[in-house]
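Derivation of every value follows stated rules applied to the coordinates shown; laboratory data play no part. Quantities reported herein were computed from a predicted structural model and do not represent experimental measurements. Neighbour counts run over all protein chains shown; Cβ positions are idealised from the backbone, glycine included.
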Amino acid sequence: MILITGAGGMFGGVLRTSGIGDALADVLGDLGIPIILAGFLIAAILRIAQGSATVALTTAAGLVSPAILAGDYNAFQVAALVVAVAGGSVVASHVNDSGFWLVGRFFEMDVKTTLKTWTVMETTIGVMGFAIATAVFGVASLV
């Protein structure tokens with residue numbers, strides 16, 4: 001667990017140092033994609049591609065942090081952005097996720113059943129977290 005967390009943090013650091021985060025901030029600004037949606041989608045894509053929620057979260061945070069720092073967000077909006085990225089990092093747990101196999105084996109479920117239960121539950125948690133974060137972000141922008 002420590003190695004996975006460290007690797008994710010290191011990967012995020014490499015991305016920040018390389019300037020990809022700054023380039024991404026520019027692209028997001030040009031495309032007009034809201035930062036809260038971009039953070040969620042980046043984390044979700046990373047999670048689906050490589051399986052680890054921790055690595056997806058730390059890497060996505062490293063990628064969107066330049067855009068967040070460039071924006072004029074209050075503390076509530078920043079907190080909502082963190083929750084949105086965290087929500088994206090837990091969606092679509094499937095066969096490349098060690099947690100998927102842990103839950104499936106612990107509860108003696110086959111792959112199909114684990115996909116129908118664990119994956120759906122994790123995705124629901126992520127999407128609900130994103131929805132709540134988006135609502136908080138919207139309300140906080142009025143303050």
Return the distance in nm (one decimal) between the two label points of a simple spin-label model at Ala49 and Ser141, each offset 7 Å from Cα along Cα→Cβ.
2.7 nm
Using alpha carbon centers only, region 45-89 is separated from region 98-143 by a whole-angstrom value of 16 Å
Mean ellipticity per residue at 222 nm, deg cm²/dmol - from DSSP H runs of n ≥ 4 across the chain, formula -39500 (n - 2.57)
-25000 deg cm²/dmol
Along region 83-95, what does the Karplus equation 6.51 cos²θ - 1.76 cosθ + 1.60 (θ = phi - 60°) give for ³J(HN,Hα), rounded to whole Hz, x for Gly and Pro?
5, 5, 5, 4, x, x, 6, 10, 6, 6, 4, 9, 5
